[in-house]
1. If you fit an axis through the alpha-carbon atoms of helix 42-53 and take the longest principal axis of the Cα set of the chain, what angle between them do you get, 0 to 90°, nearest 10?
2. For region 24-166, what is the accessible area per residue in Å² when the probe is 1.4 Å?
3. Mind pulling the angle between the C-alpha long axis of helix 12-25 and the longest principal axis of the chain? Nearest 10 degrees, somewhere in 0 to 90.
4. Carbon and sulfur together cover what percent of the accessible area of the chain at a 1.4 Å probe radius?
5. For region 1-67 and region 94-166, what is the centre-to-centre distance using only Cα atoms, to the nearest Å?
6. Hey, what number do you get for the chain at 222 nm if only DSSP H runs of n ≥ 4 count, each worth -39500 (n - 2.57), divided across all residues, to the nearest 500?
7. Sort 25-34, 98-107 for me by packing, meaning the mean count of neighbouring Cβ atoms within 10 Å per residue, highest on top.
8. Expected output is a single nm value to one decimal: the length gained when fully extending between residue 74 and residue 27, i.e. 0.36 nm times separation in residues minus the C-alpha distance. What is it?
Amino acid sequence: MSGPSTLTLVDPEATHAFGVRLGRAAAAGDLLVLTGGLGAGKTTLTRGIGEGLGVRGAVTSPTFVIARVHPSLTGGPALVHVDAYRLGGAAELDDLDLDADVADSVTVVEWGAGLAEGLSPDRLEIRIDVDPASEVRTVTLHPRGTRWDAATLAALTRTSHPEADR
Ligand SMILES: Nc1ncnc2c1ncn2[C@@H]1O[C@H](COP(=O)(O)OP(=O)(O)O)[C@@H](O)[C@H]1O
Ligand SMILES: [Mg+2]
């Protein structure tokens with residue numbers, strides 16, 4: 001068990017690059033639960049995760065589609081991207097039958113707090129806070145369960161990643 005780790009994301013490119021690192025570190029069965037207001041950068045982060053995983057299809061902010069599966073282009077796990085904003089509650093999330101996919105995929109749930117926890121006891125809860133003056137984002141990683149250990153999180157949040165970030 002480890003405590004929260006934080007990282008400052010100065011611009012959309014930094015958020016995307018952090019997503020790429022997350023996507024490269026992610027494995028089948030991983031659940032990432034994203035929290036943060038409208039425009040915080042949840043979809044920007046998910047786009048990076050999709051790139052890091054090497055999946056097909058553009059990761060977008062869906063207007064009507066609540067869950068979209070992006071198959072891997074490289075034989076790895078698919079990205080299941082869920083936007084729970086319009087879901088009325090955990091029962092509606094259950095209706096999506098995500099349980100069947102979670103074990104084989106990397107599942108990212110935007111607006112998932114309070115809804116997606118039942119999908120897996122092992123998950124990474126990711127909160128994005130926006131400084132209203134500077135627009136700088138601070139991301140806080142809360143590991144739950146045993147999947148995300150301190151060393152993995154430290155590697156993910158280390159600030160200098162010259163080859164991955166630029
Ligand atoms: N550090 C940052 N990280 C992510 N997005 C940022 C950042 N700074 C500015 N932005 C902008 O904020 C918006 C985030 O949108 P989006 O990723 O769709 O958010 P959400 O999915 O949380 O509603 C984008 O227009 C992006 O360019
Ligand atoms: Mg979004």
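The values are calculated or read from the model by the stated rules, or taken from the named source; none is laboratory data. Predicted model only: the values in this text are computed from it and were never measured. Because the Cβ atoms are built from the backbone with ideal geometry, glycine has one as well, and the counts that use them run over all protein chains shown. Each accessible area value is taken on the protein alone, full model and side chains, heavy atoms only, with ligands, DNA and RNA left out. Shrake-Rupley method; radii C 1.70, N 1.55, O 1.52, S 1.80 Å.
1. 90
2. Details: 6940 Å² over 143 residues.
Accessible area per residue: 49 Å².
3. Tilt of helix 12-25: around 60 degrees.
4. Working: 4250 of 7950 Å².
That fraction is 54 percent.
5. What the calculation gives is 7 Å, centre to centre.
6. Working: 6 runs with 48 residues, N = 166.
Value at 222 nm, helices only, nearest 500: -8000 deg cm²/dmol.
7. Details: 25-34: 20.6, 98-107: 18.4.
Order by mean packing, descending: 25-34, 98-107.
8. Numbers: separation 47, 0.36 × 47 = 16.92 nm, distance 1.31 nm.
Result: 15.6 nm gained on full extension.
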